[in-house]
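Data block below; observations after.
The values are calculated or read from the model by the stated rules, or taken from the named source; none is laboratory data. Here the structure is a predicted model, which is why all the values come from computation and not from measurement. Here the Cβ positions follow ideal geometry from the backbone for every residue, glycine too, while neighbour counts run over all protein chains shown.
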Amino acid sequence: MATRLRLVILEDREVDARPIIAALRQAGYDPDCRLADSAEEALRQYEELFRAAFDDTNVAMVLTDLDHRFVRANEAFAQMFGYSMSEVLTLTMADVTHPDDLAESYARREKLLSGAARSFQMEKRHLHKSGRVLWALTNVSLVRDRNGAPRLYFGQVQDITERKHAEETLHKTTEKLQSLVQASPLAIVALDRHNCVLSWNPAAEQMFGWPEYEVLGKPVPIIPADRADEFRRMIAEEWQGLTRANVELSRQRRDGALVDVSLWTAPVRDPRGQIVAILLLMADVTEHKRLGEQFRQAQKMEAIGRLAGGVAHDFNNLLTVILGCSEICLGKLRAGDPLRELVEQVHKAGERAALLTRQLLAFSRKQVLSPVVLDLSAQALDMEKMLRRLIGEDIELRISADANVWPVKADAGQLEQVVMNLVVNARDAMPRGGKLLIETANVHLDQEYVVRHAGVQPGPYVRLAITDTGSGMDAATQARLFEPFFSTKGARGTGLGLATVFGIVKQSGGFIEVYSEVGLGTTFKIYLPRDRSAPRSGKSHPGLGAPRQGTETILLVEDEDGVRGLASVALRNYGYKVLEAASGGEAFLLCERADEAIHLLVTDVVMPNMSGRQLAERLAALRPSMKVLYLSGYTDDAIVQHGVLDAGTPFLHKPFSPDALARKVREVLDEDAGLVSSNLDPGHL
C-alpha cells in the first residue's frame, strides 16, 4: 500500500509540478498535492494541513514553551491524562510528570536547547488527573523559527502502561524463577546448539567445581572423555524434542573425579515453539549409590552369616561328640597303647575344627560373649610383649594409648583375638619389615559422619586403630575383605580371620573401617561405643581346677542323640545320677513321675516344639528348687541372638569336653543363689 503524503506545492509558472508528482508516485508514494500560487497561500494551506494532522490524529501530541508550559495539545493528549482541553492549557509539564522522573526530563530538554541533541525518546512515569500513575513513551523535539531560534518543544506521547505492567510481571516471574534456579539443590545447566553453557547455577558450581564465569559461553566441561560420543548422541536426540528423566550417568568434576548424577533433560522453546536451548537438571547420587552398595554388602554379609551360623551349629553338635568321646577314650588308654596316638590325633583335629566353628560363629555374630567393662588402652598395653614376639624383630611396634579413654563393654578374650588377627595380617603385609602403630582415642561421631556411614549411630566411641606400612590393598580387595573364606594369602589362609574380626566387633555393638592404598599401607579403625553402666573391670582368668565328683540327680535334655549320650556318660563318670530326655515334653513327664529330688536341669536352648527356656519355666512350678544350666552351640533365641549373657546365667558353649561339663555342673550346683533361670531377661527371650 502506497504511503500517503500531504503536500503543498508553491506553483511557479515556469516550472511544471506534474513531473514532480509523477516521480513521487513512481517512487511508491500517494501524494495529496495542493497547489498554491503565492507564498502566503502556501503558508495558509500548510497551517491548515498541520492543524488537521495535529488535532485529528489519535496520537497524543503537545506543544510546550521554553518554560515547559502547555501552549497547545490535541484531544488524544487531553483524554490520556483525564483533562479537558481548556484544563490542559493551564498546566505545565511538572503537573503531569512523576516527580521521580521530572529532573531527568528537564535535563534532556536542556540538551536540546544546547544543541547537544536534535530529539530524544524517554520512557517515564506520568500522573493522571485521578492521581494514578501511567507509563508513556515520549518523543520530544525542538521547534525553531525561520531564524533558527528555539521557540517550542514538540512532544508525542504514547501510553505504554499495559506493556510496562506486563514487563514488570514478567520481570517478577523471571526473578522468582531465577531465585528458584539459584537456590535449587539440583545442578541446572542450559546449553545452546553448540553445547556451550548458557546458564550455570550455584549448585552446578558446587557439584562440579567450575565457577560460572569460567564456563559461560564455553563448551560444557563436565563430559568425561570416554563418554563424549554418548553425550553427542544424547544431546542430538534432545534437540529433536526428546526428554529424559532420572537417567544415571557419570560426569566429571574440575579436579578430574567422577560424580554419579541422576539426569533430567527438557527442551527450552521460544514463543514460536522452536527449541532454542537444552536444559539439564542433575542430582548428585554418588553418596546415595555408596550407601546403597553398603546396604547390599550388609545384606550379603548377613546372608552369609546366617549360613555360617547354621553350619557352625551342626558342626558343634558333631564336635561335641568327637571331642568328648576322644577325651573319654584317652582317659582309659594307657601311655604307650598304640591306639592312644590315633585318638590324640582325632582329638587335636576336633579342637582345630572347633576353632573354625568359633570363628564362623564370631563372623555370624551367633557366638556367646561374656562382656565386661574394659579399658582399651590398658588392654593394648597388656598385649604389648605378646605382640612383639608375634611380629618379630624387623617390625617396629609403637603403642600410643590414651590414658583417659572411656570404658567400653566387650568380651576381653574376643578383643584379644581381634587385635591379634589384625596384627598378624599387618605382619604378613610387611615381609621385609616396617612399622606398626596401635592407637586408642576418644571420638564423638556426629550426624554428618553417620549420614555417610550406613548403620552407624551418633555418639561417643572409643577408637582402636592399627596401622601398618605394608603393601596395602586395592579397592576390589577391600570390597571383599570381611567375606568368609576370602583370603589374600592363597593356600596359607583360611579366609576366616577378618570375618571373625568383623563379627566380634559387630556383636560388641561397634563397627570397623578400613583405609588402604596399594604400596602405602593399611589402617583398620575399630569403633566401640562408650559404656556408662559400670566401673572399669579387667580380665579375669579363674583357675580351672580338677572337676569334683557329685551324687546329685541331673535331668539332661538334649535332642541330639550323640551329644546327649556323651553328656550322660561324662556325668555318670563323675558320680551323678542322670535322667535323660530327648525333648521338653519327655522331660516334663519325667519330672512329674520322678519321686526323688532333681537338683539340676541341663538343657539345650533350642529344641523342637519346646525351647530350653520354656521347659525351665514350666518345670519351675513342679521343682522350684531345681537349678538350670543351658547348653548351646547356635541359637536364634535371644541368649544368642542378642549375643549377650545376663550376669549370673549359667551357660556352657558347645562343643564342650566332659571335664568342662562336669566342672560347670559342679559350679552351678554349689551356687547359693536362687533359681538360675530367673537370671534370663524375659524381654530378651
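Quick notes
- Test for Phe77: is it outside any loop (DSSP other than H, G, I, E, B) and free of Cβ contacts under 8 Å to residues at least 40 places away in the same chain: no
- Across segment 148-180, the number of residues qualifying as loosely packed, with under 11 Cβ neighbours inside 10 Å and assigned to a loop (DSSP other than H, G, I, E, B) comes to 2.
- Hey, Phe511 crowded, with 18+ Cβ neighbours inside 10 Å, at pLDDT 80 or above, of a type in the set (Phe, Trp, Tyr) and farther than 18 Å from Asp394 by Cα or not: yes
- Single condition Pro185 does not satisfy, out of (1) at pLDDT 90 or above; (2) surrounded by fewer than 16 Cβ atoms within 10 Å (Cβ to Cβ): (1)
- Glu205, sole failed condition from (1) over 13 Å from Met282 (Cα atoms); (2) of a type in the set (D, E, K, R); (3) in contact with a Pro (Cβ under 6 Å, 6 or more places away or on another chain): (1)
To keep it simple, each residue is scored yes or no on (1) surrounded by 15 or more Cβ atoms within 10 Å (Cβ to Cβ); (2) of a type outside the set (D, E, K, R); (3) more than 21 Å from Val268 (Cβ to Cβ).
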{"site": "Val189", "(1), (2), (3)": "yes, yes, no"}
{"site": "His194", "(1), (2), (3)": "no, yes, no"}
{"site": "Gly209", "(1), (2), (3)": "yes, yes, yes"}
{"site": "Glu238", "(1), (2), (3)": "yes, no, no"}
{"site": "Asn246", "(1), (2), (3)": "no, yes, no"}
{"site": "Gln252", "(1), (2), (3)": "yes, yes, yes"}
{"site": "Ala257", "(1), (2), (3)": "no, yes, yes"}
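- Val405 among the β-branched types (Val, Ile, Thr) and assigned to a helix (DSSP H, G or I): no
- Among the residues of segment 537-582, those identified as farther than 17 Å from Asp659 by Cβ, charged (D, E, K, R) and either at pLDDT below 80 or not in a strand (DSSP E or B) (or both) are Lys539, Glu552, Glu558, Asp559, Glu560, Asp561, Arg564.
- Residues within segment 91-147 that are part of a loop (DSSP other than H, G, I, E, B) and either more than 18 Å from His165 (Cα to Cα) or in contact (Cβ under 8 Å) with a residue 60 or more places away in the chain (or both), tallied: 10
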